[in-house]
1. Only helical DSSP H runs with n ≥ 4 go in: add -39500 (n - 2.57) per run for chain B, normalise by residue count and round the 222 nm mean residue ellipticity to 500 deg cm²/dmol.
2. Note down the nm distance, to one decimal, between modelled labels 7 Å out along Cα→Cβ at residue B:126 and at residue B:107.
3. Could you state the angle between the C-alpha long axis of helix B:131-150 and the longest principal axis of the C-alpha atoms of chain B, as a value from 0 to 90 degrees rounded to the nearest 10?
4. Between residue B:161 and residue B:297, what is the FRET efficiency for a Förster distance of 41 Å, r being their Cβ-Cβ separation, to the nearest 0.05?
5. Against the longest principal axis of chain B, how steep is helix B:81-97, in degrees 0 to 90 to the nearest 10, with axes from Cα atoms?
6. Between residue B:187 and residue B:35, how high is the FRET efficiency from 1/(1 + (r/R0)^6) when r is the Cβ-Cβ distance and R₀ = 25 Å? Nearest 0.05.
7. Only Cα pairs within less than 10 Å get springs; with that Gaussian network setup on chain B, which residue of B:286, B:303, B:201 has the largest fluctuation?
8. Who wins for biggest fluctuation among A:35, A:204, A:195 in a Gaussian network model of chain A, springs between alpha carbons below 10 Å?
Amino acid sequence: MSKQALMSRELLLTGAIILLLGIIASRFPAFIAPGNLVNVFNDTAPLILLAIGQMIVILTRCIDLSVAANLALTGMVVAMLNVAMPGLPVPVIIALAITFGAVLGMFNGVLVWKLAIPPIVVTLGTMTIFRGIIFLLSEGRWINAHQLSDAFKAFPRTVLLGLPVMSWIALGAVVLFVVVMNRTSLGRAFYAAGGNPHAATYAGINVGRTQFWAFTISGALSGLAGYLWVSRFAVAFVDLARGFELTVVAACVIGGVAIMGGSGTVLGAMLGALFLGIISNALPVVSISPFWQLAISGSAIIIAVALNASANRKKGRIILKRAEQAT
Amino acid sequence: MNDTTRFIPDRLRSPLEQRIKSWETLLLAVAIAIFIVNSFMSPFFLNAWNLSDMTFNFTEKAMVAFAMALLIISGEIDLSVASIIALVSTAMGAAVQIGVGTPGLVLIGLGVGLVCGAFNGFLVTRMGLPSIVVTIGTMSLFRGISYIILGDQAFRGYPPDFAFFGQGYVFWVISFELVLFAVLALIYYVVLHRTNFGRAVYAIGNNPVAAEFSGIRVARVKFILFLLTGLMSGIAAICLTSRLGSTRPSIAFGWELEIVTMVVLGGVSILGGSGSIPGVVIAAFVMGLVTFGLGLLNVPGIVMSIVIGALLIGVIALPRLWERWRLQAAKR
């Protein structure tokens, strides 16, 4: 058990992150100043939220490519709501954002559950549909900082006990979903449905409904991230967070989430997101053009998925050896 | 997946009935209907030159869609095609800057396309990685390389004779691209429906294990299909770059979605194992007619993307809803 824990994906990733920080710090010590690390974590908060949702979806052998479009659509909706009704309190806006995002996720979920349409097709389709709806709603216009109310913009930046609220929300989501995934029957159903759908069906788990809930959770987290994103950067427009869904998938794959379903952890997804977040924050510091970002996350996906596959193969061999020793 | 009991007819349909009730016939009817509606909606639609312009909406995408159809029938997918187009275009643009002529540009275009396809094929067939993730990865890697090379700049200055591929006309209103589209459609029709290789593609899509045991070299066939997809993306990139006359890293952004939609609309099962080239050809015309018709009515491009997204989900959802309704009717 101790050896297993020592070689676990989470520990390896933590090591890789510390190594990465060390390399950057050797040339730019200011990067690992506590204040800057807080900034990096805060910048990564939306990615962490989306990666948790994506991880749950991938666990059930699905994929959600509509998360970034969902984020942008929900962000636009709450921003327009704020412009129309500046007096609306922030907690109500957050509740609306989560609900709205969840409804968008449910739309994906119903198509996957009730019509058994492959998730990649569903979410590729809804990805463009959501973006199109943003255009129809906003008529292509931007919503800028001066149109948004102060309370709307201030909430994620408010500092509590040394951390901005946005970081606290990401940490809260990590804790919440660690509990949900390990201590509730729904959480275990996600693993079962992806690990072996047939066995899960015989164990009384409705695989389709479990996938539906995975999409709903992913949608709700995207909606929450949508409000946070729009309020933090104080802008909403059609192309907000375009292509971000790939970064989210990359974070999951780096975090050791098996793309074939059934295996992955909330901590892994968070560490995968942090790994990418540190890289994207470090690029300008070490004066590499931000245009490198896309190629780096692409390479990271390929390398991580290749590593995952070889790790799984090794595991299989070890089991065989143990079986040989046992006989 | 839930429906283990399927509706089994008590007799086979006659060949004529089969042909009439086929997906391709339905699509053709849809295409004709859209054509008629369009000609009533806009006075500018029924014009030989306008219709010729319309074909540019789909020819380049359809070229990639042919190879993608074979890939999806074999049970794999390639989401990196639009990024391959971007990388090929960037490579050709870079070659222009050092004075490479048109024949060299074409060779570079085809070569880079093949290399990208080979890279995908290697990762999927040699490393045994799932193609969805691999090509999501290469999708950002290939376009990422274009961004590294170009940043916010653009390559221009293609030689004048290079313009023929995207802007040239073979005869009257028949463009070079349209002829190329027709020739490639014919080639892919023969390859998929008239050769052993085509049968192997179907066999792999239906049951890769059984195909392996029947003596089909599954990994090699799949590798060739990835190569073909890369090559077709290269050809499409040559046509598109020649038509636009410049290269930006955002070139062909989002095309992978439209290409997959075209293939699925053409009746290819997204789960692999069935589909036809005539279906994809008609689907290409349907999509071209829809986007052109909406364009004539001044509908902005992003709204068309809603139509395309809805089309993608709708063409898969509707037959399933229909099947379910028929099942329930049969049970009663």
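Throughout, read-outs are computed from the coordinates displayed, never taken from laboratory work. Please read these numbers as outputs of a predicted model, since none were measured by experiment. Cβ sites come from the backbone with ideal geometry, for glycine too, and all protein chains shown count toward neighbours.
1. It comes out at -23500 deg cm²/dmol, rounded to the nearest 500.
2. About 2.5 nm, to one decimal.
3. Taking Cα atoms only, the helix is inclined about 20 degrees.
4. 0.65
5. 20
6. That pair, residue B:187 with residue B:35, gives E of 0.40.
7. So, out of B:286, B:303, B:201, the one fluctuating most is B:303.
8. Most flexible of the set in this elastic network: A:204.
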